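Shown next, in structure tokens, is the structure this report addresses.
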Amino acid sequence: MTTVLVTGAAGYIGSVLTRRLLTSGFEVVGLDNLRYGGEALLGVLGEPGFRFITCDVRNETAVDQALEGVDAVVHFAALVGDPVCGRHPSDAVAVNVEASKALYARCNNRGVERFIFASTCSNYGKMEGEELVDETSELRPISLYAETKVAFERHLLEESTPGSCSPTVLRFATAYGLSPRMRFDLTVNEFTRELSLGRTLAVYGPRFWRPYCHVRDLAAAVHAVLDADEGTTAHAVFNVGLTAENYTKQMLVDLMRRTIPDATIEYVHRDEDPRDYRVSFAKIGEVLGFQPQLTVLDGVVEIHRVVSEGFLTDVDGPRYTNTPDLTAPA
């Protein structure tokens, strides 16, 4: 039986992974400051294999408590996204970089075997030319959020040594899909919500490329790393997604019209968010045999149903976003 600490366990991906690991027989310790609420974990709080600690990842005493008896750590806890990092730059560095370094040091001191870091394909920034970028490509972060991810990636891979806590970096494609901690500030989810409600969708940067991956497949990739031989994943970087699921925003809209044919689209010009990259995901398939099972179209269908049939209320509310305001205590 492996015990896994999931930081950010109540988050968009963390809450999906927590359920998956518990169902697969892992013991799970969840850690989260519940800044966006804890409803996502209500269904697992009574599970015998689940232990939860409410705290910020900067709380050293609580982190030490959470690490007791842990074999592996999956590190999601962070200020996620450009808006919140841009509004709170000092907190972004303190949490995403400094607290992450401290967490990894504690894992080494306690003999934790594996450390899986949730990074992002946003690290590639703006590609040059039309070639796919891969794990060996130059990182060109163009936001503070991506800069913090790159900084900790480098620390993790440079500071780890043979015999220490074995690190794996997972650069996630842009997430979408249903989660117990639902978000509508992600491109596919937001676009589908707007069109499902009969609104005119304003699209900027329609030619910019980005890879996409369903939240359940992102969780499955973490599971695949935990199941893999440590020698295969130690000090390794994997892009997580499917090469065929690179899309421009124009292509996303065309896909959505299959499910929502009466969609009204307006293309606008804005000088912001210049990220533009197409990513190869060949490595994770070749090394781990991992292949995402869901497509953007699958995500559009499920989100359209949830919104149009009223499964969620107040879908425009701040509870479904990573708001720029930090209100939860550290």
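For the chain, the equivalent ellipsoid derived from the alpha-carbon gyration tensor has semi-axes of 31, 22, 19 Å in decreasing order.
For the chain, the dipole from Cβ point charges (+1 on Lys and Arg, -1 on Asp and Glu) about the Cα centre works out to 360 debye, to the nearest 20.
Each residue, THR136 and GLU266, gets one label point 7 Å from its Cα in the Cβ direction; the gap between the two is 4.7 nm.
In terms of the Cα gyration tensor, with a ≥ b ≥ c the square roots of its eigenvalues, is segment 157-252 rounded because a/c is under 1.5, prolate because a/b exceeds b/c, or oblate? Provide the component values of the computation, followed by the final result.
Working: a/c = 3.19, a/b = 2.33, b/c = 1.37.
Prolate.
GNM remark for the chain: springs join alpha carbons under 10 Å apart, and the peak mean-square fluctuation among THR187, THR248, THR232 falls on THR232. For segment 4-118, the mean projected area of the C-alpha convex hull, equal to one quarter of the hull surface, is 6.6 nm². Averaging over all projection directions, the Cα-based convex hull of segment 217-281 occupies 6.8 nm² in the image plane.
Between the exposed loop cleavage positions of the chain, defined as trypsin sites (Lys or Arg not before Pro) in a non-H, G, I, E, B DSSP state with at most 12 neighbouring beta-carbon atoms within 10 angstrom, the longest gap is 1-198. What is the spin-label model distance, in nm, from THR161 to ASP325 if the labels are put 7 Å beyond Cα along the C-beta direction? Distance between the two pseudo-spin positions: 4.8 nm. Values of log10 I(q)/I(0) for segment 224-324 across q = 0.12, 0.17, 0.21 Å⁻¹ run -0.66, -1.08, -1.20, by the Debye formula with one identical scatterer at each alpha carbon and no solvent.
Among residues other than PHE184 with Cβ under 10 Å from its Cβ, the summed charge is -1 (Lys and Arg +1, Asp and Glu -1). For a 4.7 Å threshold on C-beta separation, the list of partnerless cysteines in the chain reads CYS55, CYS85, CYS121, CYS213.
Which of the GluC sites (Glu not before Pro) found in segment 214-280 are in a DSSP loop and have at most 10 neighbouring Cβ atoms, other than their own, within 10 Å?
Values: sites: GLU230, GLU245, GLU266, GLU272; in loops: GLU272.
When the GluC sites (Glu not before Pro) of segment 214-280 are filtered for loop state and at most 10 Cβ neighbours within 10 Å, GLU272 remain.
For the chain, a Gaussian network of Cα nodes joined below 10 Å ranks ALA92, ALA228, ALA220 by mean-square fluctuation, and the top entry is ALA228. Using a Gaussian network model on the chain with a 10 Å cutoff between Cα atoms, which of HIS155, HIS214, HIS235 fluctuates the most? So, out of HIS155, HIS214, HIS235, the one fluctuating most is HIS155.
Given Cα pairs under 8 Å that are at least 6 residues apart, what percent is the relative contact order of the chain?
It rounds to 21 percent for the chain.
Mean residue ellipticity at 222 nm, helices only, the chain: -10000 deg cm²/dmol; runs of at least 4 DSSP H residues each add -39,500 (n - 2.57), and the sum is divided by the number of residues.
Here, each number is a calculation from the coordinates, and none is a lab measurement. Please read all numbers here as calculations on a predicted model, not as lab measurements. Cβ atoms come from the backbone with ideal geometry, glycine included; neighbour counts cover every protein chain shown.
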